[in-house]
1. Would you pull out the residues with amide H under 5 Å of Leu14's amide H, same chain only if 5 or more places away, H placed 1.01 Å from N?
2. Rank these by accessible area, largest first, 1.4 Å probe: Arg122, Arg180.
3. Please give the length that would be gained between Ser65 and Asn119 if that part of the chain were fully extended, namely 0.36 nm times their separation in residues minus their C-alpha to C-alpha distance (nm, one decimal).
4. Just flag the trypsin sites (Lys or Arg not before Pro) in segment 1-69 sitting in loop per DSSP whose Cβ has no more than 11 other Cβ atoms within 10 Å.
5. Report, in degrees rounded to the nearest 10, the 0 to 90 angle that the Cα long axis of helix 88-100 makes with the longest principal axis of the chain.
6. What is the distance in Å between the Cα centroid of segment 169-197 and that of segment 95-155?
7. When only Cα pairs under 8 Å and 6 or more residues apart are kept, what is the percent relative contact order across segment 5-121?
8. Counting other Cβ atoms within 10 Å, which chymotrypsin sites (Phe, Trp or Tyr not before Pro) in segment 81-165 have at most 14 and lie in a DSSP loop?
Amino acid sequence: MIIEAIDYSDKYNLVILTISGEDFSISYDLYNDLLLNIDDELSFDTYKVILADDEVNRAKNLALSKISYAQKTSFEVEKLLKENDFSADTIEKTIDFLNEYGILNDEIYVKSYVADKHNISRWSKNKIRYSLKSKKINEDLINIYLDQISDEDEYENAYNFAVKKARNDFSIENKQKVYRYLAGKGFDFDIINKVVGELFK
């Protein structure tokens, strides 16, 4: 295995090695440690080190490209990398790298997610909780931000949904439909009973 070319990527801050017609991305630190030059013949052990570093850098770039579009949780990044067949060691190193530089932060994610879903989408607390738990977020962290949503806010969201669903039809049959509708959106039964009781007097 011969190094045929050595290039530099300023965009990714990596050294690009061409070995037997294939490109590999490695860190500058590793490049300097290995003292590589064009036309060097690589030992199998050195080649394995280059392969491992290349995989980690490809994983980092994939994760960063996805995070640039939308913030991700640690679980979501891990799932993404698994789906792209990265090794467990590479995934662990990539997650550690992202955490070290503050790129992954589940607390910031939860704070933003709860605010968006409550204030914009008007989701119930239970629906937000279920969604975050499906992303393997720590439940104590979820509770910190869901506890900041007052019962009054939860009632207001449920009431607004109920008014739209009722469409000025206050019959017994529609009352039951509205009740089921709010239950389907995850509102607590005490909130639903209060809303329905107020709307269908």
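1. Ser9
2. Greatest to least solvent exposure: Arg180, Arg122.
3. So the extension gain works out to 16.7 nm.
4. Answer in residue order: Lys11.
5. Approximately 70 degrees, to the nearest 10.
6. Here the answer is 26 Å between Cα centres.
7. 17
8. Answer by residue number: Tyr101.
The values are calculated or read from the model by the stated rules, or taken from the named source; none is laboratory data. Fair warning: this is a prediction, and the values are worked out from it, not measured in the lab. Heads up, the Cβs are rebuilt from the backbone with ideal geometry, glycines too, and the neighbour counts pull from every protein chain shown. Keep in mind that these areas ignore ligands, DNA and RNA; they rest on the heavy atoms of the full protein, side chains included. Shrake-Rupley method; radii C 1.70, N 1.55, O 1.52, S 1.80 Å.
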